[in-house]
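Bear in mind that the values in this text are calculations on the coordinates, not laboratory data. None of these values were measured; they are calculated from a predicted model. Cβ sites come from the backbone with ideal geometry, for glycine too, and all protein chains shown count toward neighbours.
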Amino acid sequence: MFRKQIFLFNKEITGAEGGNDGSGFMSQLNGNKGIYIMRANYPKYFGATGHATLFNQTDCVKTSEGHDGKYLNAKGGVYKVCLWILQ
C-alpha cells in the first residue's frame, strides 16, 4: 500500500532502447524526478548488480567523487534503466 501511494509508476527502458551512447535513456527520463536505478548487463564486469541514485528531471545527482551517477558506460553494458517517479 505504501509504494502504491508514493510511487506513481515505474518507467523501464531496456538497454536496446537506450542505444549505444545512452541518449535514449536520458531522452525518455527527462522531465521526471524520482529514484534512478541502473541494472548492469554483466554484474561481474561492472562490480555490482547496478546503481541507484536520485534523478532531478534532467540528470542524476552527482556522486561525492564527481561522477555523473548514471553509469551508462558500465563495463559489459546496461541491461535496463528504471525510474520510480516521485510526486
Report the gain in length on full extension from Ala52 to Ala16: 0.36 nm times residue separation, minus Cα-Cα distance, nm rounded to one decimal. 11.0 nm
Among the aspartates and glutamates, which fall within straight-line cross-link reach of Lys70, defined as a Cα-Cα distance under 14 Å, with same-chain neighbours fewer than 8 residues apart omitted? Asp21, Asp59
If every Lys and Arg gets +1 and every Asp and Glu gets -1 at its Cβ, then about the Cα centre the chain yields a dipole, in debye to the nearest 20, of 320
Once amide H atoms are placed 1.01 Å from N in the peptide plane, what residues at a sequence separation of 5 or more from Gly50, or on another chain, have their amide H within under 5 Å of its amide H? Ala40
How much FRET efficiency would the formula 1/(1 + (r/R0)^6) give for Lys33 and Lys75, where r is the Cβ-Cβ distance and R0 is 35 Å, rounded to 0.05? 0.80
Count neighbours as other Cβ atoms within 10 Å of each site's Cβ, and list the trypsin sites (Lys or Arg not before Pro) in region 32-74 that are DSSP loop with at most 12 such neighbours. Lys62
Would you calculate a helix-derived [θ] at 222 nm for the chain, using -39,500 (n - 2.57) for each DSSP H run of n ≥ 4 and dividing by the full residue count, to the nearest 500? -4500 deg cm²/dmol
Can you give the extra length, in nm with one decimal, that the chain gains between Thr63 and Asn41 once fully stretched, where that is 0.36 nm per residue apart less the Cα-Cα distance? 5.8 nm
Got a sec to turn the phi values of region 58-70 into Karplus ³J(HN,Hα) couplings, 6.51 cos²θ - 1.76 cosθ + 1.60 with θ = phi - 60°, whole Hz, x for Gly and Pro? 10, 6, 7, 5, 5, 6, 5, 8, x, 5, 5, x, 7
